[in-house]
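The values are calculated or read from the model by the stated rules, or taken from the named source; none is laboratory data. Computed from a predicted structure; not experimentally measured. Every residue, glycine as well, gets a Cβ built from its backbone with ideal geometry; the counts of neighbours run over all protein chains shown. To get the accessible areas, we keep the full protein, side chains included, count just its heavy atoms, and leave off ligands, DNA and RNA. Shrake-Rupley method; radii C 1.70, N 1.55, O 1.52, S 1.80 Å.
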Amino acid sequence: MKILMIEDNRSVCEMMSMFFKKEKWDATFAYDGEEAVEKFAAEADDWEMVLLDLNLPKKDGMQVAADIRRISPTVPIVILTARDSESDQVLGLEMGADDYVTKPFSPLTLIARIKALRRRVQLSGIANKAEQVTSEFDIQTSHFKLNSKTREAYLNGNLISNLTPKEFDLLKTLASKPKQVFTREQLLQLVWDYEFYGDERTVDAHIKKLRQKIEKVGPKVIQTVWGVGYKFDDNEADDK
């Protein structure tokens, strides 16, 4: 796996370098925000994972996340943050990150998070290749359709663009069972593939960002069921 780790603490980078080598992963390091964006852009199609510290010199990590997302809407991003406020963590997720780890962290914990996120991407790809369907779309209703092979989703014929891997998986999970209410705990287990330490803010942040992208092309189809969770319902999604 080809990883870009963006971290200004060189001791942390040296420590993680040993763990990456043990996993036989190819890791490149960037030590400030400007260098990070330059390195990512130079090999934009090759990176398989980005680890991003929020406290960076020259360019803040939040801006780096936004820049990377503009270059690649799909590369998995794990935020590394010493900021313990809820708003910082949620903002990072809203900027397009797929996961976050709070500093100080155990290297083994970070490795486990990376593997879990990578496993989700790989399993999705394997399932897509193995799946034999007669229709081009494996989820299709009168207003919505989703193709797991191309990882594209349409509402009223309009492409929902720039979905991150987690946003696509979240949308697929909800749309696979229209009108069924999923609790936040269920979504954490189904989409993130591991216990997220009960942090339901992760789901809320991704739902917010996903809704913004959906509503650029059509009406709201992800509905909040207060006190329970979320559901997908496009019955009233008339063409705009």
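Among the lysines of segment 2-123, pairs that are 8 or more positions apart or on different chains and have alpha carbons within less than 14 Å of each other number 8. For segment 1-77, the per residue solvent-accessible surface stands at 46 Å², with DNA, RNA and ligands left out and a 1.4 Å probe.
Element breakdown for segment 139-238 at a 1.4 angstrom probe: carbon and sulfur atoms account for 46% of the accessible area.
For segment 2-123, the alpha carbon convex hull comes to 95 Å³ per residue, rounded to a whole number.
For segment 139-238, the relative contact order works out to 31 percent when only alpha carbon pairs closer than 8 Å and six or more residues apart are counted.
Each Lys and Arg Cβ is given +1 and each Asp and Glu Cβ -1; about its Cα centre, segment 139-238 then shows a dipole of about 240 debye. Each peptide in 220-228, 31-39, 6-14 gets a packing score, the mean of other Cβ atoms within 10 Å over its residues, and the list from highest to lowest is 31-39, 6-14, 220-228. Partner lysines whose Cα lies under 26 Å from the Cα of residue 179, excluding those fewer than 8 positions away in the same chain, are identified as 145, 149, 166, 208, 209, 213, 216, 220, 231, 240. For residue 52, the residues whose modelled amide H falls within less than 5 Å of its own, excluding neighbours fewer than 5 places apart on the same chain, are 6, 78, 79, 80.
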